[in-house]
Every structure is written in C-alpha cells, then in structure tokens.
Amino acid sequence: MQSHDVVKDYYGKQLQSSDDLKTDACCDASAVPNWLKPLLSNIHGEVLSRYYGCGLVCPTNLRGARVLDLGSGSGRDVYALAQLVGPEGEVVGVDMTDEQLDVARNHQAYHVEKFGYDNVRFYKGYIERLEELDLEPNSFDVVVSNCVINLSPDKDAVIAGAYNLLKEGGELYFSDVYSDRRVPKDVAEDPVLLGECLGGALYWNDFINIAKRQGFNDPRLVENRTLEVTDEELKAKVGAINFMSATYRLFKLPQLESDCEDYGQAVIYKGTIAESPEFFMLDEHHIIEAGRIFPVCGNTWYMLANTRFAEHFEFIGDFSKHFGIFPGCGGTAPFDALLSTSDDGEQSCC
C-alpha cells in the first residue's frame, strides 16, 4: 500500500476521534493558549471530535491575513483561524482525505451563521502537489500546518510549494515531529507508526537543510518537547530513536543571510499585538519585552521589519556598518586568535 493510501485509511477509516491515537505525537508543542480557547467554543462538535491533535498551531497578528492550512482535516484549525483573520481575511484548507473533508464542508454553513461571515474554502489535494490546485502563487500571508508534513512522502515538495504560495515577507508557521537520527525503512513503512506521525518524522538536520534549499534561510525554532512512546509494541519497533514535537517559523525573505550577522541594530516592541501585550515571542531565543531595547542580528531585523509585524516595533540602526557574527550565535570564525575575543556576557540572538 502506498503511503498516501496508508494515511487516508488511517485518518479516514481507522480513527474515529483523537482517543484512538496510540501516541501523543500528532500534537503541537504546547496546549492551546488561553487567548485561543474561546474560539474553539464556536466550532461545531463533530469538527472538534474528528480532529486528531491536542493543540492549535496559530501565530499572532493575523487580522485581515490570507492563511493556508496544509492538511486541514476536519477543519478545526481552519474555523479557529477564520475567526482570527476576520471578515476581511480568508482561510483555505487543503486535505486529501474525503471523510475529513466531508466533515469540514458539512458544517461550513453552521460556521458562517455562527461567525456572521463566510471566509473559508476547502480543497481536496495533496500538500506536496499544491501547484495542481487553484491557488495563486505569492498570495498568502501565512501557511500553517499541524503535524501533517511528516505524513508526506515528499517533504521537499511541501516546503517548496509553501514558499511558492507565500507573499514575500510571509511565513510558514508549523508544528511537526522530528527525530534525532534518520528513521530506518522498517519504521518508516510501518502503517501504524506512519499514521501516528513517527514513521515519517524528519531527522532534524535534514529538515534544516531542506528548508534552506527551498529558500527559507534561518529557520527559527519556536518551541519543542520530547515525545514519549508509551505503547510497548511501538516502543519496541522504534528502538533507540528519540522523537520531538517542534514548532518552527520560516520566513520568505530573500534578504536573510545564512548566519546571524551583527550590524549594531536593536528593536523596541510597542506591546500593540492584541494577543501579546507584554512581550512578543519571535522564537525560543527572542522573547522581546514591550518597551525594552532589544539588540538583534540582521536576520531578526528583517523578520520584524519586512513582515506583518513591522508596525508593532520601533527600529534602531541600519545595515551601514557590519560588526561580524552576532555574539553567541554560532558560525564563529575558525581562527584560534579570534575564538577567545568574544565576551561571554554579550547577549546572543539565537
């Protein structure tokens, strides 16, 4: 059986609710934050019950945005995002499983009445063949995905398709499962391990290389946690492989450099994003308190200045003078005489 058929069977016929999952792998790295919980109360019960995850992958500051959800399933995340983008925005869901799409579409009218506007569309298709769908290149502000890319047999094509559909300055914000080594063939082809999001897990360094190869320089890790395989039979099959659930954000910004370069720049967060009035979390190393001067590398500057976040920051400095690698950010010069010159007290950007 081909991997697509295995996944369709598992999510269309084998699973009836998230209680049928044998591991907690198909979840994002954290519980649903408090500011998102009211949105879920507006979503139809069948849509919620046929959703096979435990979190919600959702960046902040989405009002008016055009968002694409890869592997949208029963539509839970789509209908939550629809409330965040509002009537002036749009959310498009793509999934390959008929049973899941039927649930999402059957309750579309319910949500139009509940929200007071219609800003949702669903397409049947494969996330590694997005070019086959009626989607305009360079037209989305954000692409999201919740533990689905691991199910694809061609991760390169998924990442490339997302890059093609994003506007410049847009971002791919997604949660998925990664491994600490390349998954062997017997694990990758096991139908239960594949359906449980473990068989298709990417070795983390292979993912970083794919992202960069497809144009997403400087992937940023937002959060992560170790996954525990509690089912004894599955634990025996995976052996010594360690799995992690992680959320990454990748920006379509051609200006990004391969390393964090220091240009003496800084930013001040204004505290004006409704969901994050006290601080803005770009990634796990950039938690920027409102009102505080925060030194940044050139890449972080671009991620804030050339995206939908720009209006929420003040920017100090420019690119007129280069000071080398940002202290503590790796990529240090390979010369012994220079390795001892960095100040351990310097703030690193990543």
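All of the numbers you see were taken from the coordinates with simple rules; none came from a lab. Keep in mind the model is a prediction, meaning the values are calculated, not measured. Cβ placement follows ideal geometry from the backbone for every residue including glycine, while neighbour counts extend to all protein chains displayed.
With N as its number of residues, the range 184-269 has a Cα radius of gyration that, divided by 2.2 N^0.38 Å, comes to 1.45.
Spacing of the modelled spin labels on residue 102 and residue 233, each 7 Å from Cα toward Cβ, amounts to 2.7 nm.
The GluC sites (Glu not before Pro) found in the range 185-277 that occupy coil by DSSP, while having at most 12 further C-beta atoms within 10 Å, are 228. Full extension of the chain between residue 34 and residue 316 gives 98.3 nm of extra length, using 0.36 nm per residue less the Cα-Cα distance. Could you tell me whether the range 75-119 comes out rounded, prolate or oblate from its Cα gyration tensor? Rule is a ≥ b ≥ c as square roots of the eigenvalues, rounded for a/c under 1.5, then prolate if a/b exceeds b/c, otherwise oblate. Oblate, because a/c is 1.5 or more while a/b does not exceed b/c. Taking a ≥ b ≥ c as the square roots of the eigenvalues of the Cα gyration tensor, the range 41-152 is classed as rounded, since a/c falls below 1.5.
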